[in-house]
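The values are calculated or read from the model by the stated rules, or taken from the named source; none is laboratory data. Worth saying up front: this structure is predicted, and the values here are computed from it rather than measured. With ideal geometry, Cβ positions are generated from the backbone for all residues, glycine too; neighbour counts draw on all protein chains shown. SASA here: full protein model, heavy atoms, side chains in, ligands and nucleic acids out. Shrake-Rupley method; radii C 1.70, N 1.55, O 1.52, S 1.80 Å.
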Amino acid sequence: MDTRRIVTRLTSQAMEIGCLTGGALGALYGVLLPVGFVLVMLFYSGSTESIDAAVIFGLYGGTIGLFIGGIVGVLAGLALGLINGLAVAMLTIVRYTPIADPHAYRWSVRLVSISITLLGILLVLLVLGRVPHKSSEFYFVGIPLLLTPPSAWSSGGRLADWYLTQLGKTVEPAPA
């Protein structure tokens, strides 16, 4: 496979994985965010008088958050997928052409994916201007940031397996 096809295929595949993963995680976060507001409100208020309003807010907010979170997640996944795809394509061209060790390639792609995701997390924290200190801030900022690295690890493995399959290499589990 020539260099142009490697870059094109890996980048488009990484963007596709990024869009799907970002959309799913963004929608999940969009649904959980209003639920978190309701839980924090009920915890700090100490009364059960406003449970009806809290449930209505949670349902409407969760529905709206589902769509907004999904859209934002798809856009973020598209951007990070593009960067990840270009980085993986460069790694593949510079270090793994031809691929002699599929296990080392899979690990390298996973590490690149994790690194790109961690840079994205750092960017989010810089935009927010701080690291979460309170438990309520941790719920709104920290939980999504803890969900993304395992997702990047899995996505990197899928991207490597996809490329190895395109080359006709056997994708075997790592030796124990």
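Computed values, structure above
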| item | result |
| --- | --- |
| Stretch gain in nm, segment Ala24-Arg5, where the contour uses 0.36 nm per residue and the Cα spacing is subtracted | 4.0 nm |
| Projected area averaged over orientations for the stretch 1-133, convex hull of C-alpha atoms, nm² | 10.3 nm² |
| Solvent-accessible area, 1.4 Å probe, carbon plus sulfur percent, for the stretch 1-101 | 75 percent |
| Among Leu78, Gly22, Ala100 the positive-end extreme of the charge dipole of the stretch 1-106 (Cβ point charges) | Ala100 |
| Tyr60 paired with Leu111, simple spin-label distance in nm, labels 7 Å along Cα-to-beta-carbon | 5.1 nm |
| Solvent-accessible area per residue for the stretch 30-131 (1.4 angstrom probe, square angstrom) | 63 Å² |
| The stretch 1-38 residues near the modelled Ile51 label - backbone nitrogen below 18 Å, point 7 Å along Cα→Cβ | 35-38 |
